[in-house]
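Visitor: Quick one: the structure is below, and I'll ask about it shortly.
The values are calculated or read from the model by the stated rules, or taken from the named source; none is laboratory data. Keep in mind that what you see is a predicted model, and the values were worked out from it rather than measured. Neighbour counts run over all protein chains shown; Cβ positions are idealised from the backbone, glycine included. What goes into the accessible areas is simple: the full protein's heavy atoms, side chains included, and nothing from ligands, DNA or RNA. Shrake-Rupley method; radii C 1.70, N 1.55, O 1.52, S 1.80 Å.
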Amino acid sequence: MSATTPEAGGRLDRDKLFAARLHAARVRPYLATALFALHTVESERVPTMAVDRHWRCYVSPAFVDRMPVEELAGVWVHEVSHLLRDHHGRGDRVAREHGLTGLGDRLRMNIAADCEINDDVYGDGLLQPEGAVRPWRLQLPEGELMEEYLGRIGLGALTLDLSWLDCGSGADGLEREWDLGADGADGLSEQERDAVRFRVAEGIRARPGSAPRGWRRWAEEAFHPPQAWRDLLGAALRSAVCGSGAGDDYSYGRPSRRSAGVPGAVLPSLRRRPPRVCVIIDTSGSVGDDELGSALLEVTAISRAVGGRRDLVGVLSCDAAAGAVRPLCRAEGIPLVGGGGTDLRTGFEKALRSRPRPDVIVALTDGQTPWPSARPSCRTVVGLFPRPGRSQARRENDPEYVPDAPPVWARVVEIGSASGG
């Protein structure tokens with residue numbers, strides 16, 4: 001049976017379906033705008049409920065019939081969460097970067113996306129349906145991102161009973177046979193989708209106490225405007241990973257094509273790993289709390305730039321002395337210690353002595369610091385916190401002091417500015 005619009009009046013119990021959506025909006029009021037932005041499409045080809053990137057929700061009549069209203073409300077929230085968190089766009093990016101083309105890879109993405117959102121969906125008025133994917137079922141920790149879960153999820157004994165799972169192209173980016181496509185009826189434009197996300201983020205920020213931590217973190221990032229310096233960082237990361245001798249390693253995960261010429265032997269292929277990044281955060285007395293908060297958001301963006309691999313990102317705080325290089329577990333858990341004078345040279349020295357050695361150093365600072373006299377042995381990006389009258393900055397105890405400009409060997413951009421150096 002082909003998909004039909006709600007107005008065509010099929011066998012779908014719309015009263016029950018929309019009662020469940022109303023219940024979802026009552027217990028998750030900050031998601032109401034997104035829930036009512038979804039346009040429902042009846043389809044018997046959909047296993048349960050599924051969404052596409054154009055904010056259509058495809059619904060199986062049989063699934064609605066057998067689900068209690070309270071559990072159906074949780075499914076509404078689950079599906080719209082995929083769209084708000086841009087799992088389709090993120091899935092496409094991961095697929096391009098890692099060559100994930102098979103249906104099994106997309107199933108793994110769907111499972112990983114479900115692990116990311118389900119710890120924020122159920123409870124507090126929403127019942128968890130039987131079979132809902134939770135990280136603990138796969139022996140994984142809670143609170144991580146889709147990209148992190150994807151690297152740990154394989155198709156095996158733990159995922160055997162999840163082969164039915166299909167939340168649609170809105171969960172992994174791969175179009176389904178039931179999708180109406182970009183030119184189909186009742187889809188939202190890109191501007192309309194952005195407007196929905198903004199209103200949801202606005203509602204969460206207005207009443208942060210009513211939303212789980214994962215949603216509060218998402219809202220902060222949604223409000224944080226795109227930064228030009230992130231494009232420069234992405235370019236620096238790509239340059240680092242493509243540089244001579246950087247990231248080369250042999251892997252049996254994808255055998256070499258030359259194995260066909262050596263019967264009975266499996267040869268490893270040469271793969272490039274994502275670059276390791278060390279972030280130096282200026283915690284001197286001249287850096288305010290707002291700037292430190294911005295730095296933590298930038299650290300989150302850096303972890304996503306390396307495919308969500310937090311194990312590849314190290315962070316150290318530095319004023320006149322450098323702290324320890326700490327692995328990134330969660331941005332809000334990074335200890336930022338300091339408050340004294342500024343000398344980021346000590347931070348560079350410690351970063352370059354850390355093991356494993358970083359491929360890229362990112363320094364987030366107000367610029368009032370001496371700089372290393374020689375170019376570091378890895379690529380460097382400097383993010384400058386916005387500072388009115390930067391060229392006129394002075395030390396309180398030295399009116400003649402003028403801070404040195406960042407060195408010419410660093411890629412420099414002012415955080416929040418539309419241009420970089």
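Visitor: Only one of these conditions is not met by Q191: (1) within 19 Å of L100 (Cα to Cα); (2) modelled with pLDDT under 90; (3) not in a loop (DSSP other than H, G, I, E, B). Which number is it?
Guide: Looking at each condition in turn, Q191 falls short on (1).
Visitor: In the stretch 165-204, what residues are of a type in the set (K, R) and more than 21 Å from the chain's Cα centre (by Cα)?
Guide: The answer is R176, and nothing else.
Visitor: Which one of A34, A20, A73 is open to solvent by less than 10 Å² (accessible area, probe 1.4 Å), touching a helix residue (DSSP H, G or I) at 6+ places or on another chain (Cβ under 6 Å) and farther than 22 Å from G131 by Cβ?
Guide: Working: A20 fails: farther than 22 Å from G131 by Cβ; A73 fails: farther than 22 Å from G131 by Cβ.
Checking each option against the conditions leaves just A34.
Visitor: Okay, moving on. Is it the case that H88 is surrounded by fewer than 22 Cβ atoms within 10 Å (Cβ to Cβ) and closer than 24 Å to R199 by Cβ?
Guide: Criteria not met by H88.
Visitor: Which ones in the stretch 148-159 are part of a helix (DSSP H, G or I) and open to solvent by 30 Å² or more (accessible area, probe 1.4 Å)?
Guide: Of everything in the stretch 148-159, those that are part of a helix (DSSP H, G or I) and open to solvent by 30 Å² or more (accessible area, probe 1.4 Å) turn out to be A157, L158.
Visitor: Assess whether W136 counts as being modelled with pLDDT under 85 and either open to solvent by 30 Å² or more (accessible area, probe 1.4 Å) or in a loop (DSSP other than H, G, I, E, B) (or both).
Guide: No.
Visitor: Still on this structure, I have one more. Restrict the check to the stretch 275-290 and report whether at least one residue is under 18 Å from G214 (Cα atoms) and open to solvent by 10 Å² or more (accessible area, probe 1.4 Å).
Guide: no
Visitor: Of the conditions (1) among the hydroxyl-bearing types (S, T, Y); (2) without any contact (Cβ under 8 Å) to a residue 24 or more places away in the chain; (3) surrounded by 24 or more Cβ atoms within 10 Å (Cβ to Cβ), S81 fails just one. Which one is it?
Guide: (2) is the only condition that S81 fails.
Visitor: If you go through the stretch 204-219, how many residues are assigned to a helix (DSSP H, G or I) and open to solvent by 30 Å² or more (accessible area, probe 1.4 Å)?
Guide: 9
Visitor: Please give the number of the condition E177 fails out of (1) part of a loop (DSSP other than H, G, I, E, B); (2) out of contact with any strand residue (DSSP E or B) (no Cβ under 8 Å at 6 or more places or on another chain); (3) closer than 25 Å to L100 by Cβ; (4) open to solvent by less than 80 Å² (accessible area, probe 1.4 Å).
Guide: Result: E177 passes all but (4).
Visitor: Moving to a separate point now. Hey, among L237, L270, which residue is among the hydrophobic types (A, V, I, L, M, F, W, C), under 30 Å from G143 (Cα atoms) and at pLDDT below 80?
Guide: L237
Visitor: Still on this model: Among the residues of the stretch 140-161 satisfying the criterion of being in contact with a Lys or Arg (Cβ under 9 Å, 6 or more places away or on another chain) and farther than 17 Å from H87 by Cα, which is modelled with the highest pLDDT?
Guide: Looking at residues that are in contact with a Lys or Arg (Cβ under 9 Å, 6 or more places away or on another chain) and farther than 17 Å from H87 by Cα, I get L140.
Visitor: Test each condition in (1) in a helix (DSSP H, G or I); (2) at pLDDT below 85; (3) of a type outside the set (S, T, N, Q); (4) open to solvent by 80 Å² or more (accessible area, probe 1.4 Å) for F198 and report the one that comes out false.
Guide: (2)
Visitor: Consider only pairs whose beta carbons are under 9 Å apart and that are at least six residues apart or on different chains; among these, list those whose first residue lies in the stretch 266-289 and is over 22 Å from V360 (Cα atoms) and among the polar types (S, T, N, Q) and whose second residue is at pLDDT 80 or above and in a strand (DSSP E or B).
Guide: S284/C318; S284/T365
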